[in-house]
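Engineer: Okay, here's the structure, questions in a sec.
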Amino acid sequence: MSIKLLDTTLRDGSYVINFQFSVIDTRTIATELDLAGIDLIEVGHGVGLGASEKGQGVARESDQAYMRAAAAAVKRGLWGMFCIPGIAELDHIALAADHGMPFIRIGTPIERIAEGKNFINAAKKAKMFVATNFMKSYTRSPKEFARAAQLAAEFGADIIYIVDSAGNMLPDDVERYFEATRSRTNVPIGFHAHNNLGLANANAFKALELGSEIIDCSLQGMGRCTGNTITEQFVAVLQKMGKGTQYDLFRLMDASEIYVRPLLTQIGHDSVDLVCGLAGFHSSYMRTIRDAAIAYDADPRKLIIEVCKETQDSAPAKLVQDKARAIAEENEKSGYRHRFPLRQYFGHEQDEI
């Protein structure tokens, strides 16, 4: 079992602090990850290249500043950034190439893989290692995922990612997506988990067992909603199994405790996050849920579940309002009230692409 880890603390983790990692944070944490042996280190705005300019929340630093910080810090492994076509432009690939960026991950929904073709081609011409990340992979069947994976490989992607954006998958689901993909293509597969149901580590180990070549993780599990596979825990279990000895566990634990843990302010587990995982709801739609929940005094957890019975792909305002109104009418009969501020969610990229 070979393994490569991609740590996304400095990218996916930035959602937790409203995209406010500084150049010093980036350089310091990336240096520690690199010295600890992490293979790939992802940095920048959580939504990816060009996100600040496209109204996705303004990061503390520019894309160029994050590039310079990572390039100065990462000497052993590779550093890279994320991009979503339509938010990122092809010019961003050229900018990244000018800064010597070694890898890029291109995020698209499965049904819109064609929009990533030009980005894959541009990144390959710049000699980058290219991943295609199929956001919200669970919204399409394993067979549909496999067809898209084959197409992305034909476009030139070096690796295809199963992305459990809402922390919705069970280990058996991970296996079905792997088996379907392997029936059509031998392209390497990566895995990106979220922890809404508390299964990020378990699903990541299942993906590793099935032959995933890269597993995503983050220090303290720092990431959107309930976060990602936890770097230091994942490495600890690897070493308990007699594997992953190339990683410096104590350095990872120290980096996690000293530089990341102080940034985490949420205590306990948020039941809204749990329901997102249960229903398969992507938190980029939370703004629409929040507005309707407040307007109709509807429990957002019930609202998320009802909306996802109709679609996991989006949260159309009319559908959300209709569901919220029905929940409110039910509340009038039961006398039940519950409201959450939902202030911790940032980004709305799925509405934009």
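The values are calculated or read from the model by the stated rules, or taken from the named source; none is laboratory data. Owing to the predicted nature of the structure, the values given are computational and were not obtained by experimental measurement. Cβ sites come from the backbone with ideal geometry, for glycine too, and all protein chains shown count toward neighbours.
Engineer: Inspect the range 58-67 for any residue being assigned by TED's automatic domain parsing to the domain that holds Asn228 and closer than 23 Å to His194 by Cα and give the result as yes or no. Full working, then the answer.
Structural biologist: First, the residues of the range 58-67 that are assigned by TED's automatic domain parsing to the domain that holds Asn228: 58-67.
Filter once more, so that each one left must be closer than 23 Å to His194 by Cα: 59.
The answer is yes, given that some residue of the range 58-67 is assigned by TED's automatic domain parsing to the domain that holds Asn228 and closer than 23 Å to His194 by Cα.
Engineer: Another question about this same structure. For the range 71-103, name all the residues that are in a strand (DSSP E or B) and in contact with an Asp or Glu (Cβ under 6 Å, 6 or more places away or on another chain). Reasoning before the result, please.
Structural biologist: Let us first name the residues in the range 71-103 that are in a strand (DSSP E or B), namely 78-83, 85, 88, 103.
Hits for the range 71-103 are Gly80, Pro85.
Engineer: Which condition number in (1) surrounded by fewer than 21 Cβ atoms within 10 Å (Cβ to Cβ); (2) modelled with pLDDT of 95 or more; (3) closer than 20 Å to Val174 by Cβ is the one that Phe205 fails?
Structural biologist: Failed condition: (1).
Engineer: Only residues that are in a loop (DSSP other than H, G, I, E, B), surrounded by fewer than 18 Cβ atoms within 10 Å (Cβ to Cβ) and either among the charged types (D, E, K, R) or at positive phi (or both): list them for the range 55-70, please.
Structural biologist: First, the residues of the range 55-70 that are in a loop (DSSP other than H, G, I, E, B): 55-62.
Next, only the ones that are surrounded by fewer than 18 Cβ atoms within 10 Å (Cβ to Cβ) stay: 55, 58, 62.
Result: Gly55, single match.
Engineer: Identify, from the list Ser137, Ser165, the residue that is closer than 28 Å to Tyr259 by Cα, surrounded by 24 or more Cβ atoms within 10 Å (Cβ to Cβ) and assigned by TED's automatic domain parsing to the domain that holds Ser14.
Structural biologist: Numbers: Ser137 fails: closer than 28 Å to Tyr259 by Cα.
Unique residue meeting the criteria: Ser165.
To keep it simple, each residue is scored yes or no on (1) over 18 Å from Ala200 (Cα atoms); (2) assigned by TED's automatic domain parsing to the domain that holds Val16; (3) touching a Pro at 6+ places or on another chain (Cβ under 9 Å).
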| site | (1), (2), (3) |
| --- | --- |
| Ala255 | yes, yes, no |
| Tyr259 | yes, yes, no |
| Ser283 | no, no, no |
| Arg290 | yes, no, yes |
| Ala293 | yes, no, yes |
| Glu306 | yes, no, no |
| Gln312 | yes, no, no |
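Engineer: Please state which one of Ala30, Ala51 is modelled with pLDDT of 95 or more, crowded, with 24+ Cβ neighbours inside 10 Å and not in a loop (DSSP other than H, G, I, E, B).
Structural biologist: On the way: Ala51 fails: not in a loop (DSSP other than H, G, I, E, B).
None of the others qualify; the one that does is Ala30.
Engineer: Something else now. Name every residue in the range 104-120 that is of a type in the set (Lys, Arg) and assigned to a helix (DSSP H, G or I), in order of residue number. Give the steps one after another, and end with the answer.
Structural biologist: The first filter runs over the range 104-120 and keeps only residues of a type in the set (Lys, Arg), leaving 105, 112, 117.
Once the filter is applied, which keeps residues that are of a type in the set (Lys, Arg) and assigned to a helix (DSSP H, G or I), the range 104-120 yields Arg112, Lys117.
Engineer: Here's a follow-up. So, in the range 33-48, exactly how many residues are part of a loop (DSSP other than H, G, I, E, B) and either closer than 15 Å to Arg261 by Cα or in contact with a Phe, Trp or Tyr (Cβ under 8 Å, 6 or more places away or on another chain) (or both)?
Structural biologist: Looking only at the range 33-48, we keep the residues that are part of a loop (DSSP other than H, G, I, E, B), and these are 36-39, 44-48.
Narrowing the set further to residues that are either closer than 15 Å to Arg261 by Cα or in contact with a Phe, Trp or Tyr (Cβ under 8 Å, 6 or more places away or on another chain) (or both) leaves 36-38, 44-48.
Total satisfying the criteria: 8.
Engineer: Something else: Against the definition (among the polar types (S, T, N, Q) and under 22 Å from Cys217 (Cβ atoms)), how does Thr185 come out, yes or no? Give the steps one after another, and end with the answer.
Structural biologist: On the way: among the polar types (S, T, N, Q): yes; under 22 Å from Cys217 (Cβ atoms): no.
Criteria not met by Thr185.
Engineer: Just checking, how many residues over the range 5-27 are hydrophobic (A, V, I, L, M, F, W, C), part of a helix (DSSP H, G or I) and touching a His at 6+ places or on another chain (Cβ under 8 Å)?
Structural biologist: Of the range 5-27, the ones hydrophobic (A, V, I, L, M, F, W, C) are 5-6, 10, 16-17, 19, 21, 23-24.
With part of a helix (DSSP H, G or I) added as a condition, the list becomes 16-17, 23-24.
Subset that is touching a His at 6+ places or on another chain (Cβ under 8 Å): none.
So the count comes out to 0.
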